[in-house]
Amino acid sequence: MCDTCGCNITHANQHLVKPGGKLSRVEDGREAVTVLKNLLSENDHVAGHNREHFDRHGVLAINLMSSPGSGKTALLEASVELLKDKFRIAVIEGDLETENDADRIRARGVPAIQISTGSACHLDAHMVHDALHELSLDGLDIIFIENVGNLVCPASFDLGQHHNVTLLSTTEGDDKPAKYPVMFRAADLMLLTKADLLAVLDDFDPAKAETCLRNLANPAPVIALSAKTGDGLQDWVNWLEQAVSAQQDRIKTGTTRRPAIQPDGAQLHAHG
Amino acid sequence: MHEFAVCQDMLQQIEAIAAREQATAVDVVTVRIGPLSGIEAHLLIQAFPLAAAGTVAEQAELVVEALPIKVKCQLCGAETEAKPNRLICGQCGDYHTQLLSGDEMLLASLELLKEPLEAIHV
């Protein structure tokens with residue numbers, strides 16, 4: 001390839017050499033390199049490694065995302081009670097500070113690793129990788145990763161999970177998917193939590209929450225439930241059982257699953 | 001505000017490419033960002049010099065190319081522009097659409113310096 005006849009100009013980099021493009025002012029000692037890789041490819045590389053690790057042990061990994069206080073830990077506590085006779089479970093907890101959530105899970109007899117992110121507003125694949133060093137995956141069926149409570153940042157970081165489950169509590173308002181489209185677009189399942197409060201909240205319409213989700217072109221199922229009363233939990237358990245069984249089928253065929261929306265899905269339609 | 005973390009991850013990639021190409025410095029970093037990537041261009045531009053300090057891209061200019069949101073309807077086939085929280089078909093209104101553009105967060109290209117800076121400005 002040379003800089004003389006133009007053989008170094010490809011479809012992907014030709015915009016660089018057009019007048020005004022980056023390479024149009026190329027001088028000696030200066031060179032343009034076309035990359036076209038995800039900004040987070042270092043993170044994605046580790047996430048892929050985590051996913052292989054889960055798959056090798058036949059574990060289903062679920063990333064729980066929501067705003068703080070929407071009931072992720074309460075849901076896990078209730079889920080553990082319903083699932084512990086059938087599945088072996090572990091939990092990775094992400095919070096800025098404290099071991100509180102991990103303690104709540106351990107009190108139910110389930111191993112839990114707490115990641116304290118300090119000031120970081122999300123978990124990334126490196127943090128999950130480090131946490132996995134402290135946890136034996138042997139014999140596990142499901143690992144729940146409870147992300148930092150935040151409806152913005154966690155959506156951008158692949159952790160190696162198979163599914164994203166996004167919680168929307170009834171006290172937050174039914175238009176949250178319209179306000180936080182990046183997060184809700186990434187959901188493989190949306191859970192409307194604290195559904196017991198619907199009786200007293202006349203301004204939360206579950207149908208409207210679902211419409212907001214569909215407006216994001218997201219066909220994900222929606223389940224309304226209450227970890228407190230137990231209403232709707234069976235639908236969630238059924239979804240999990242199907243997901244575990246699908247994961248076991250994938251292990252047999254040597255395939256894997258990524259959440260429906262991945263940030264680096266962008267690479268598939270990168271424009272030259 | 002995770003743009004700083006995004007910059008740090010991106011800089012690992014940039015440093016690896018600069019080392020591979022034996023560049024002495026990175027002059028221009030061009031990224032392509034769609035509104036559905038979860039990254040705000042102006043926050044990325046603010047965070048970049050902080051994250052780049054002490055790296056080979058310390059003096060680099062970050063150029064952000066903003067991409068539009070476009071969807072293709074799987075029902076009627078129309079390709080239309082859309083808003084971040086309204087990704088339905090602009091033609092028939094169905095929600096079974098495929099995103100053609102809008103969630104990109106790509107490191108598009110780097111402009112590298114292969115000589116000491118002084119040599120360029122002679």
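Put simply, the convex hull of the Cα atoms in the protein assembly as shown casts, on average, a shadow of 22.0 nm². Between A:HIS53 and B:ALA53, the distance separating the two model label sites (each 7 Å from Cα on the Cα→Cβ line) works out to 3.2 nm.
Based on Cα contacts under 8 Å between residues 6+ apart, segment B:1-54 shows a relative contact order of 64 percent. Database remark: amide H of B:ALA78 closer than 5 angstrom to the amide H of B:CYS73 (H placed geometrically; neighbours at sequence offset of 5 or more, or on other chains; Pro and chain starts carry no H). Measuring gaps between exposed loop sites in chain A (GluC sites (Glu not before Pro); DSSP loop; at most 12 other Cβ atoms within 10 Å), the longest gap, sites not included, is A:135-272. If you sort A:THR166, A:THR211 by accessible surface, 1.4 Å probe, largest first, the order is A:THR211, A:THR166.
At the listed q of 0.19, 0.21 Å⁻¹, the Debye profile of chain B, built from one uniform point per Cα, gives log10 I(q)/I(0) equal to -0.93, -1.05. Accessible surface buried by the B/A pair amounts to about 4000 Å², both sides summed, 1.4 Å probe. Between A:CYS121 and A:GLU99, full extension at 0.36 nm per residue minus the direct alpha carbon distance yields a gain of 6.3 nm.
Normalised Debye scattering of segment B:1-53 at q = 0.15, 0.16, 0.24, 0.31 Å⁻¹ gives log10 I(q)/I(0) of -0.43, -0.48, -0.97, -1.32, counting only Cα atoms as equal scatterers and leaving out solvent.
Consider a paramagnetic label point 7 Å from the Cα of A:GLU81 along Cα→Cβ; state which residues of segment A:223-261 have an amide N under 14 Å from it. Under 14 Å, as judged by backbone N against the label point of A:GLU81, lie A:226-234 of segment A:223-261.
In chain B, Cα pairs under 8 Å separated by at least six residues give a relative contact order of 34 percent.
Considering every alpha-carbon pair of segment A:85-211, the percent of pairs per 5 Å bin, from zero through the bin containing the longest distance, is 2, 10, 18, 19, 19, 16, 11, 5, 1, 0.
On chain A, 50 percent of the accessible area sits on carbon and sulfur atoms, based on a 1.4 Å probe.
Estimated from helices alone, the mean residue ellipticity of chain A at 222 nm is -9000 deg cm²/dmol (sum of -39500 (n - 2.57) over DSSP H runs with n ≥ 4, per residue). Residues of segment B:31-45 that lose at least 40 Å² of accessible area (1.4 Å probe, protein heavy atoms only) when the other protein chains are present, relative to their chain alone, are B:ARG32, B:LEU36.
For segment A:62-175, the solvent-accessible area of protein heavy atoms averages 33 Å² per residue (probe radius 1.4 Å; ligands and nucleic acids excluded). For segment A:20-114, the fraction of alpha-carbon pairs lying more than 20 Å apart is 57 percent, rounded to a whole number.
Among the trypsin sites (Lys or Arg not before Pro) found in segment A:31-86, those both in a DSSP coil and sparsely packed, with 16 or fewer other Cβ atoms within 10 Å of their Cβ, are A:LYS84, A:LYS86.
Once the 1.4 Å probe is applied to the protein heavy atoms, chain B comes out at 46 Å² accessible per residue. FRET efficiency for the A:ALA246 to B:GLN98 pair, using the beta carbon distance and R₀ = 25 Å, is estimated at 0.65. Distant-in-sequence amide contacts of A:SER169, defined by a placed amide H-H separation under 5 Å and a gap of 5 or more residues or a different chain, comprise A:THR193.
With all projection directions averaged, the alpha carbon convex hull of segment A:123-272 covers 11.0 nm². Between the helical axis of A:41-56 and the longest alpha-carbon principal axis of chain A there is an angle of about 50 degrees.
The values are calculated or read from the model by the stated rules, or taken from the named source; none is laboratory data. The shown structure was predicted, so the numbers you read here are calculated from the model rather than taken from an experiment. As a convention, Cβ positions derive from the backbone with ideal geometry for all residues, glycine included, and neighbour counts pool all protein chains shown. Just so you know, the surface numbers come from the protein's heavy atoms only, side chains and all, with ligands and any DNA or RNA stripped out. Shrake-Rupley method; radii C 1.70, N 1.55, O 1.52, S 1.80 Å.
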